[in-house]
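In what follows, a structure is listed as structure tokens, so that the remarks can point back to it.
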Amino acid sequence: MSRAKLFLSPRAPFTGISAPYDQARFVFFGVPYDKTSTYRPGSRFGPGALRDVSANLELCSIRYGVDLEKVPVHDMGDVDIVESLDQTLDRVKVVVSEITSAKKIPIMAGGEHSITKPAVEVLGKDVGLVNFDAHMDLRDEFLGEKLSHATFMRRVAEHIGPDHIMEVGIRAFSKPELDFCKKSSVEIVTPLDLRKDGLVKAGKRISGFLSRFSRAYVTVDIDVLDPAFAPGVGNPEPDGVSTDELLTLLQAAMVGNLAGFDLVEVSPPLDTGQTAAVGAKVILEAIAALSSRGMPR
């Protein structure tokens, strides 16, 4: 029996079409957890909203010429979360481990950003992580907690090494986080850098960074977008990137060694559906980009 299924409950599938698990190249699942949110909670409703929107979006990608109705994606359901963050993350690790062991690519939807930590840890130490985000999430602790949505990237850095991390879209951080970056080798790309250097140069920087490692993981905190494009987030931060900029940079991040992808922090109660819509679009375009490259199963 699948151990992962002990911790999952079925839901109406992403895009409305769920391919059989054995035939799927990509496996979608949700983690409806936001218990460490410190400003505006609500991302626990993200996976459901992303599914609802995805079932009402057209599935032909104009960027890649891919008909996503023909791309086998299996929806595994939602992780049955518990009060404890550590126990919930342990369940995420079981699910991601099973998916990657089957040589499939997990597509995880949050929920808060702390859920990225166990997904990255499954992939070992020789993994490159690109995080599209407004925030560094590199605090050593926040409100007395060593592990939360505001500190998880520091814990990831301790596991894989800060030189294995690139953060794109960053524009909000504390002085200790900035000091940590200066002392370590975390690569930071700000919106100002993107406007100065251009998307082509930034895209090459992203793909070149990920190519240094045997496996790659990409996480998107939807608050990387300016609040004009994605207002339904827990910690909105002005002066962000546009939807087009994010999708263009994401194309560069969909490298051949990609082993996992997630999108987090969509908070449906905080807008009228536009953030879930752009979140679903980002996931669909990520799948389309990978499919267009003919990645082996």
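Observations
- Residue count for the range 55-81 satisfying the condition of being surrounded by fewer than 20 Cβ atoms within 10 Å (Cβ to Cβ), among the hydrophobic types (A, V, I, L, M, F, W, C) and in contact with a Lys or Arg (Cβ under 8 Å, 6 or more places away or on another chain): 1.
- Scanning the range 247-269 for residues that are touching a residue at least 60 places away in the same chain (Cβ under 8 Å), of a type in the set (A, V, I, L, M, F, W, C) and out of contact with any Leu (no Cβ under 6 Å at 6 or more places or on another chain) yields LEU247, LEU249, LEU250, ALA253, LEU258, PHE261, LEU263, VAL264, VAL266.
- Residue check for LEU138: hydrophobic (A, V, I, L, M, F, W, C) and in contact (Cβ under 8 Å) with a residue 60 or more places away in the chain: no
- Residues located in the range 142-173, provided they are over 19 Å from the mean Cα position of the chain (by Cα) and modelled with pLDDT under 95: PHE142, LEU143, GLY144, GLU145, LYS146
- Test: residue in the range 88-109 that is under 16 Å from PHE261 (Cα atoms), within 16 Å of the chain's Cα centre (by Cα) and of a type in the set (Asp, Glu): no
- Any chance PRO32 is over 26 Å from SER97 (Cα atoms) and within 20 Å of the chain's Cα centre (by Cα): no
- So ILE165, is it open to solvent by less than 40 Å² (accessible area, probe 1.4 Å), without any contact (Cβ under 8 Å) to a residue 40 or more places away in the chain, among the hydrophobic types (A, V, I, L, M, F, W, C) and within 25 Å of VAL27 (Cα to Cα): yes
- Helices (runs of 4 or more DSSP H) lying entirely in the range 187-297 (those with 2 or more residues that are hydrophobic (A, V, I, L, M, F, W, C) and surrounded by 20 or more Cβ atoms within 10 Å (Cβ to Cβ)): 199-210, 243-253, 274-292
- In the range 100-107, the count of residues that are hydroxyl-bearing (Ser, Thr, Tyr), over 27 Å from SER292 (Cβ atoms), at pLDDT 95 or above and in contact with a strand residue (DSSP E or B) (Cβ under 8 Å, 6 or more places away or on another chain) is zero.
- Residues that are in contact with a strand residue (DSSP E or B) (Cβ under 9 Å, 6 or more places away or on another chain) and in a helix (DSSP H, G or I) were ranked within the range 130-161; the one that is nearest to PRO227 (Cα to Cα) is MET153.
- Residues that are farther than 22 Å from LYS104 by Cβ and open to solvent by 60 Å² or more (accessible area, probe 1.4 Å), drawn from the range 122-139: ARG139
The values are calculated or read from the model by the stated rules, or taken from the named source; none is laboratory data. Since the structure is predicted, the reported quantities are computational estimates derived from the model, not experimental observations. Cβ sites come from the backbone with ideal geometry, for glycine too, and all protein chains shown count toward neighbours. Only protein heavy atoms, including side chains, enter the accessible area calculation; ligands, DNA and RNA are left aside. Shrake-Rupley method; radii C 1.70, N 1.55, O 1.52, S 1.80 Å.
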